[in-house]
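Every number here is computed from the coordinates shown, using simple stated rules; none is lab data. Just so it is clear, the structure is predicted and the values come from calculations on it, not from any experiment. A quick note on method: Cβ atoms are made from the backbone with ideal geometry, for glycine too, and the neighbour counts reach across all protein chains shown.
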Amino acid sequence: MALVTKLAFTPAKDVLHKLLRIEALSLKYIDGIWRLESREGECFLVSVDYQNVAFKFECFGIFFTEDNDRRGWVRDDPDPITMHSTSFLFCAEWEEFSSSEALPGQGRNVCRTAGSLEQISDDASSACVSLVGIIWTNDCGLATKCALVVDVDGDNPTALRYSEDQGLIDALITRCNVVDAASIDAWDQQVSAWVSEAQ
């Protein structure tokens, strides 16, 4: 079955490029909102939004709003995150009809799966790709990572959580497309081509 719906639910490429250029940042949770501020003075509000892909199928992803009117809110952070590199985690989700028998009087069973863009099943009826995490790597000999990720496996997919749990971050890396400064333009072209295949 050919895909009926394909959706790329991602931030603008120019915003992603700005975030990739930041070398040191402060990240604070203030008044229910994550604020990311660079040492250069750029400030972003970080949030999760959603898009309807198909009936009862919502796609959640991270978005950024530039908020330079509020710069300085987190600039005095005594312990900023100094990065060696920044990467983005993009996750694909898709639905396909289950091969199991439907219950009497009900429609066909639908299965939803998440993984990388390349893993989307040929039998998927609808699919989306979204930004689900940002990873900052601090290369101080150990290449420790910290991340801000959508709580995709929790009870609230609209929540963002900060984590330094290397196991969690590595698990996300294995099931997502990891995009960095060297691959952002090729990734944008790949996603655009993937979406246009459905049109």
- Inter-label distance, nm, simple model (7 Å from Cα along the C-beta direction), D180/A159: 3.1
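Between K28 and D170, take the C-beta separation as r, use R0 = 25 Å, and let me know the FRET efficiency to the nearest 0.05. Don't skip to the end; give the middle numbers.
On the way: r = 25 Å, r/R0 = 1.02.
About 0.50, to the nearest 0.05.
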- To the nearest 0.05, how large is the calculated FRET efficiency for T113 and Q51 if R₀ is 22 Å and r is the Cβ-Cβ distance? 0.75
